[in-house]
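Report on the structure given below.
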Amino acid sequence: MNPKLISVALFLILIVAVVPLVMRLRAGAVPDPVTLKELDAGSGRSVRITVEPNSQRTLSLHYHVDHPGQPPVEHAFFGTLPRTSPPPDFVTYTADDGDLIGIAQASVPNRIIILHDFASGDSWPLRIVTYKDTDPRHLYPYYEGEEQIMARGEAMFARLSDAHPDSSLELLRTMSSRPLTIPTGQTQSPPQPHPGPATDP
């Protein structure tokens with residue numbers, strides 16, 4: 001094969017694949033996630049909340065679960081926040097002797113946004129991805145549907161809610177972009193009417 005053609009092909013691969021990635025890294029488009037909070041669930045178990053830029057306007061929130069003896073949950077998306085929001089804090093609820101944990105924003109403490117069962121490994125709103133190998137030459141990803149995700153969340157939430165009957169807990173049921181809100185507690189003054197042009201009496 002012609003060495004010049006090989007050199008040109010390698011150069012084109014470099015331009016198309018590597019250069020855009022380097023530019024994104026330099027622009028901060030692919031940063032390492034920043035840990036906001038690590039929630040201790042006892043017995044060496046923990047849930048870590050991370051944040052990373054999603055766009056020029058929003059931040060993407062993910063959770064990671066570490067449990068000795070079980071596969072970890074990594075980089076599971078659970079919501080977005082405006083970039084202008086202050087760093088959120090979180091509160092936890094437990095059931096089944098601590099095996100089931102529910103997490104809410106401290107500013108909206110009755111709205112559950114994450115659920116994880118350390119006994120079974122079930123997690124929500126984690127989207128489970130499996131691979132089909134109907135063709136032995138390829139593996140095809142199968143992405144769990146929102147109905148399946150929501151059914152798992154509802155079942156876990158029912159157990160958590162039963163353990164906290166006086167807490168008025170609710171489940172964040174939005175599954176598409178899951179925008180989260182953080183009330184600041186500040187009340188904005190109503191807009192003042194704009195004065196019209198001065199007129200002579």
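FYI, it's all coordinate maths here, none of it is from the lab. It should be emphasised that the depicted structure is a prediction, and the values quoted were computed from it without experimental measurement. Cβ coordinates were reconstructed from backbone atoms using ideal geometry, including for glycine residues, and neighbour counts include every protein chain displayed.
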About the Cα centre, and with charges only on the beta carbon of Lys, Arg (+1) and Asp, Glu (-1), how big is the dipole of the range 29-171? Nearest 20 debye, please. 520
Hey, can you rank 86-98, 41-53 by average C-beta count inside 10 Å, highest first? 41-53, 86-98
Just the C-alpha atoms of the range 79-138: what Rg/Rh do they give, with Rh taken as the Kirkwood radius? 1.19
Förster-model FRET efficiency, 25 Å R0, residue 37 and residue 122, C-beta, rounded to 0.05: 0.70
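Quick check of the Kirkwood formula: for the range 29-171, what is the inverse mean of 1/r over all pairs of different Cα atoms, in Å? The partial results should precede the final answer.
Details: mean 1/r = 0.0613 Å⁻¹.
After inverting the mean inverse Cα-Cα distance, the result is 16.3 Å.
Can you tally the net charge around residue 94? Count Lys and Arg as +1, Asp and Glu as -1, for every other residue whose Cβ sits under 12 Å from the Cβ of residue 94. Present the calculation step by step, with values, prior to reporting the outcome.
Values: positive: 45, 159; negative: 40, 96, 97, 99, 117.
Cβ neighbours under 12 Å give a net charge of -3.
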